[in-house]
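Written out below as structure tokens is the structure these notes cover.
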Amino acid sequence: MPQSAVTQRREDAAHALDSRDASFWWDLIARILVFTGGFSVILFITSIFIFIAMQGMGFAVNPSNWEQFLTSAAWRPSYEEAPQYGALYLILGTASITLCAMALAVPLSIGSAIYISEFAQGRSKEWLKVIIELLAAIPSVVWGMIGMLVFAPIITWLFDIEFGLTLLNAGIVLGLMAAPIMTTLAEDALKAVPESYREAAEALGATRWQVVWRVVMPHARPGLSGAVLLGVGRAVGETMAVLMVAGGSIRLPTSPLEPVSALTATIASEMPETAKGDEHYQALFTLGILLFMITFVINFLADRIIRGRRSKR
Amino acid sequence: MSDFSSFDGGQGAKGQGSDSGAVEQMVATSPFQRTAHEKRSLDKQRLAKAAFHLMALLLVVPVLGILGVLVYKGAPGLSWEFFTTEPYDGMRKGGIMPALVGTVYLTLVALVISLPLGVAAAIYLSEYASDNWLTRTINVAIVNLAGVPSIVHALFGLGAFVHFMKFGTSILAASCTLAVMTMPVVIVATRESLQAVPRAFREASWSLGATRWQTIRHVVLPNSGSGILTGIILEVSRTVGETAPIMFTGAAYYTMMPQSIFDETMALSLHLYSVCKEVTDPPEHLPFAVALTLILVVLTLNSLSIWFRMRLRGKKKW
């Protein structure tokens, strides 16, 4: 006999249990569907890049365009004879607004995070956290409106200038927009410092302030840097508020009281004026590629820093 | 308490002074009284605490002030007519009903598209995926998708849905764009609530012979329902406030009520933008009233999700 009876019966029993009944097939279907969902996320992020690259292809593939793009200050797409697409002032505009916003937001956010995490107690702590969370929920159009209708008059009155839609206005608005995220992330970073460190420092006689300054903050430095970087990423990518508030004038920012323009706002304001496929349209999509790469790098760096430079060998 | 660390008889770093001075000092001070050094440290701490408190207030107070201004200047504009009539006279008069309806349509369609995909992705990540490069890539993709600027999403929507898939500028294209944009929110919230279900529940189900899917469907999902709901509410609140992604993909400043999913529509967020930038000489309360409506919707949704989260924490039976 090829097999013993015992083995045969064991095989029959195993076969009976391994029945391909309805529940098996449902499980398989579910597995496939769910995997599709998970894979679709990768699909989306790559197709974002692909589609933008596709639409900007004509412009972006030409290397001479890139040289002009990054170094020329003349952005005159409607110049009839020779339209120029120098994005330098736009890049500088984005950079200066972000700088102004960070100058405002970084001290306030990290200071608030330190206060919430180390000094505040009980109810006031809860309230503070709730208000900051609600702050984060305010949509960007509303911020734009506030900048236009509330901050602008204050700025014109305070500095005695004509127009309130300036670099400073955009900086304040962006700072207030990025602050909640930075505060929440910074607070997480501070909370991640082990309690034993604080206790050890206090046992050696340090005051709360000394504990925070000399023990907690150095240990939380990667997390805090990551928080700041993500705030920068938010500020760089913000569109509506900057569109409504920064003034929209493409020039070199020489003072905070002058209007500037940013990458995001330029794309948003000029896109309705283009026709699908023409050079201006492609140039705007190329700006989009640039923006995508900048925020991608920022997010990547932030992630690396927060994880403690594990791969920076 | 830090007082005990400098138990030196109250003489500080000076060491022994002259005899009579030492006796006076020992009589006048006690070992528990603060030294000059300690006083300085504590003053520094009080200063630091006050400074950080000030920073937190500087963040919070302007916001409350802004909200106050919004309510003060916008509330006069809110009325039943405001919510139920159409705008006329270059949008200077009348209400915002088409914008409200348009936002509802956009949000619903975006939810229909993003919810199945997002929940499926979260179930995959939480229940099926093993820790390999594919899973790590998916996680990286989620984080990056969340970090893409809204204008880049708008460009993607324009290129992919309006032109490539030939939807034209329509509710469909705009909702697809919004769905891609807000998917990370749903995925992360769902995944967290799925992972909060204790492993023991699943093991009990498996030991009774249930397949993985049966376990998910009958044990895991029902127990994480409120977490998923929180994620949905958060997604909706984000969708309602977005303007850039719908600006060139389906929303228009002034158009008729949409009859189908292929029509353009007005939207609340875009309406606020157009009232601020495009409408000439609007009545003073109009932009504030529209902004107030938008903020009320967003804040209500967010408060709902916070309330849900707190209820969750209380209701858990494990």
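Condition check ((1) among the β-branched types (Val, Ile, Thr); (2) touching a residue at least 40 places away in the same chain (Cβ under 8 Å)) across all residues:
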residue: A:Trp143; (1), (2): no, yes
residue: A:Thr156; (1), (2): yes, no
residue: A:Val173; (1), (2): yes, yes
residue: A:Ala203; (1), (2): no, no
residue: A:Ala206; (1), (2): no, no
residue: A:Gly233; (1), (2): no, yes
residue: A:Thr239; (1), (2): yes, yes
residue: A:Ser255; (1), (2): no, yes
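Tell me which residues, restricted to the stretch B:221-247, are surrounded by fewer than 24 Cβ atoms within 10 Å (Cβ to Cβ), touching a Phe, Trp or Tyr at 6+ places or on another chain (Cβ under 8 Å) and modelled with pLDDT of 90 or more.
Result: B:Ile233, single match.
Being open to solvent by less than 30 Å² (accessible area, probe 1.4 Å) and in a helix (DSSP H, G or I) is the filter here; which residues of the stretch B:82-108 pass it?
If the condition is that a residue be open to solvent by less than 30 Å² (accessible area, probe 1.4 Å) and in a helix (DSSP H, G or I), then B:Phe82, B:Pro98, B:Ala99, B:Gly102, B:Thr103, B:Leu106, B:Thr107 are the ones that fit.
Considering only residues that are in a loop (DSSP other than H, G, I, E, B) and open to solvent by 10 Å² or more (accessible area, probe 1.4 Å), look in the stretch A:262-284 and name the one that is nearest to A:Gly144 (Cα to Cα).
Per the criteria, the residue is A:Thr274.
Within the stretch B:36-56, which residues are open to solvent by less than 80 Å² (accessible area, probe 1.4 Å) and within 11 Å of another protein chain (Cβ to nearest Cβ)?
Scanning the stretch B:36-56 gives B:Glu38, B:Ser41, B:Leu42, B:Gln45, B:Ala48, B:Lys49, B:Ala50, B:Ala51, B:Phe52, B:His53, B:Met55, B:Ala56.
Name the single residue, out of those in the stretch B:163-188 being at the interface with another protein chain (Cβ under 9 Å from one of its Cβ atoms) and at pLDDT below 90, that is surrounded by the most Cβ atoms within 10 Å (Cβ to Cβ).
Across the stretch B:163-188, the extreme among qualifying residues is B:His163.
Only one of these conditions is not met by A:Leu99: (1) crowded, with 18+ Cβ neighbours inside 10 Å; (2) out of contact with any helix residue (DSSP H, G or I) (no Cβ under 7 Å at 6 or more places or on another chain); (3) under 15 Å from A:Gly231 (Cβ atoms). Which number is it?
Failing condition for A:Leu99: (1).
State whether one or more residues within the stretch A:70-85 are touching a Gly at 6+ places or on another chain (Cβ under 9 Å), more than 14 Å from chain B (Cβ to nearest Cβ), open to solvent by 10 Å² or more (accessible area, probe 1.4 Å) and of a type in the set (Lys, Arg).
Yes, the conditions are met somewhere in the stretch A:70-85.
When you scan the stretch B:4-18, do you find a residue that is modelled with pLDDT of 80 or more and over 40 Å from the mean Cα position of the chain (by Cα), even just one?
The answer is no; no qualifying residue exists.
Taking the stretch A:293-305, which residues are facing chain B (nearest Cβ under 8 Å), closer than 16 Å to A:Ala53 by Cα and open to solvent by 20 Å² or more (accessible area, probe 1.4 Å)?
A:Phe296
The values are calculated or read from the model by the stated rules, or taken from the named source; none is laboratory data. Because the structure is a prediction, the values reported are computed rather than measured. Positions of Cβ are generated from backbone atoms using ideal geometry, with glycine treated the same way; all protein chains shown enter the neighbour counts. Accessible surface is based on the protein model in full, side chains and every heavy atom, while ligands, DNA and RNA are left aside. Shrake-Rupley method; radii C 1.70, N 1.55, O 1.52, S 1.80 Å.
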